[in-house]
Amino acid sequence: MPEPLQTQRLTLRPLRAGDATDLHRFFSDPVAMQYFDTPHRDIAQSEAWLTGTLRAPLSDTREYALVRDGCVIGKAGIWKAPELGFFLERAAWGQGLMREALEVLIPHLFTTMNLPHMLADVDPDNAASLMLLRGLGFVETHRAARTIQISGKWCDSVYLHLAS
């Protein structure tokens with residue numbers, strides 16, 4: 001297993017099977033999930049998500065747990081290369097933690113996965129994620145309407161690009 005990445009306040013390590021309970025804590029939060037996916041109804045749904053992620057080929061997927069004070073507070077990584085995705089529990093919002101994580105993780109993923117670029121797909125109403133990605137150098141390439149359905153509601157997308 002790869003060595004964890006360290007920031008001032010976080011440890012980033014590959015997700016592992018025992019993370020389902022921590023992930024479910026925020027995967028079941030409707031407010032935290034509003035731009036990510038339909039909230040998980042039960043732990044089995046979070047376990048299934050984690051199992052699918054762990055079974056994905058390493059050439060395509062690298063997901064990391066964001067650990068603070070021994071507790072998983074979020075996740076970030078590449079899913080279906082070269083798409084970057086990230087998620088943080090609500091209690092950790094507004095503290096600069098995701099920026100801190102991505103400033104270390106993005107260069108690591110470019111190097112270890114040999115990616116020529118990264119992409120991100122963000123709901124246009126998710127101002128915090130758009131500001132974060134733009135601050136990290138991502139550039140908007142285009143927008144599309146009705147790209148994903150979350151909790152029965154169609155959502156639009158802003159697509160962003162970052163060259164290595």
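The residue that is surrounded by the fewest Cβ atoms within 10 Å (Cβ to Cβ), counting only those in segment 125-144 that are modelled with pLDDT of 95 or more and more than 16 Å from the chain's Cα centre (by Cα), is 142. Would you confirm whether any residue within segment 98-107 is among the hydrophobic types (A, V, I, L, M, F, W, C), free of Cβ contacts under 8 Å to residues at least 40 places away in the same chain and surrounded by 15 or more Cβ atoms within 10 Å (Cβ to Cβ)? Scanning segment 98-107, I find at least one residue that is among the hydrophobic types (A, V, I, L, M, F, W, C), free of Cβ contacts under 8 Å to residues at least 40 places away in the same chain and surrounded by 15 or more Cβ atoms within 10 Å (Cβ to Cβ), so the answer is yes. Given the condition under 14 Å from the mean Cα position of the chain (by Cα), touching a residue at least 40 places away in the same chain (Cβ under 8 Å), outside any helix (DSSP H, G or I) and under 19 Å from residue 150 (Cα atoms), answer yes or no: does some residue in segment 37-49 qualify? Yes, the conditions are met somewhere in segment 37-49. Given the criteria in contact with a Gly (Cβ under 8 Å, 6 or more places away or on another chain), surrounded by 18 or more Cβ atoms within 10 Å (Cβ to Cβ) and within 26 Å of residue 160 (Cβ to Cβ), does residue 81 qualify? In short, no.
Tell me which residues, restricted to segment 105-164, are aromatic (Phe, Trp, Tyr) and over 19 Å from residue 12 (Cα atoms). 138, 154, 159 - these are the residues of segment 105-164 that are aromatic (Phe, Trp, Tyr) and over 19 Å from residue 12 (Cα atoms). I'd like the residue in segment 6-26 that is free of Cβ contacts under 8 Å to residues at least 40 places away in the same chain and either among the hydrophobic types (A, V, I, L, M, F, W, C) or surrounded by 17 or more Cβ atoms within 10 Å (Cβ to Cβ) (or both) and, out of all such residues, is nearest to residue 147 (Cα to Cα). The extreme case among them is 24.
Taking segment 63-83 as the search range and keeping residues that are part of a strand (DSSP E or B) and among the charged types (D, E, K, R), which one is nearest to residue 122 (Cα to Cα)? Among residues in segment 63-83 that are part of a strand (DSSP E or B) and among the charged types (D, E, K, R), the one nearest to residue 122 (Cα to Cα) is 83.
Take segment 32-66 and flag every residue that is touching a helix residue (DSSP H, G or I) at 6+ places or on another chain (Cβ under 6 Å) and farther than 20 Å from residue 160 by Cβ. Within segment 32-66, 32, 40, 43, 46, 47, 50, 65, 66 qualify.
Select from segment 67-78 the residues that are in contact (Cβ under 8 Å) with a residue 12 or more places away in the chain and more than 23 Å from residue 161 (Cα to Cα) and list them in ascending order.
If the condition is that a residue be in contact (Cβ under 8 Å) with a residue 12 or more places away in the chain and more than 23 Å from residue 161 (Cα to Cα), then 67, 68, 71, 72, 73 are the ones that fit.
Considering the conditions (1) of a type in the set (S, T, N, Q); (2) within 25 Å of residue 137 (Cβ to Cβ); (3) modelled with pLDDT under 95, residue 46 is excluded by exactly one of them, (2).
Within segment 57-73, does at least one residue satisfy the condition of being modelled with pLDDT of 95 or more and of a type in the set (S, T, N, Q)? No: zero hits. All of 119, 115 fail the test of being closer than 19 Å to residue 62 by Cβ, out of contact with any Asp or Glu (no Cβ under 9 Å at 6 or more places or on another chain) and hydrophobic (A, V, I, L, M, F, W, C), apart from 115.
The values are calculated or read from the model by the stated rules, or taken from the named source; none is laboratory data. As the structure is a prediction and not an experimental result, all values here were calculated from the model. Cβ sites come from the backbone with ideal geometry, for glycine too, and all protein chains shown count toward neighbours.
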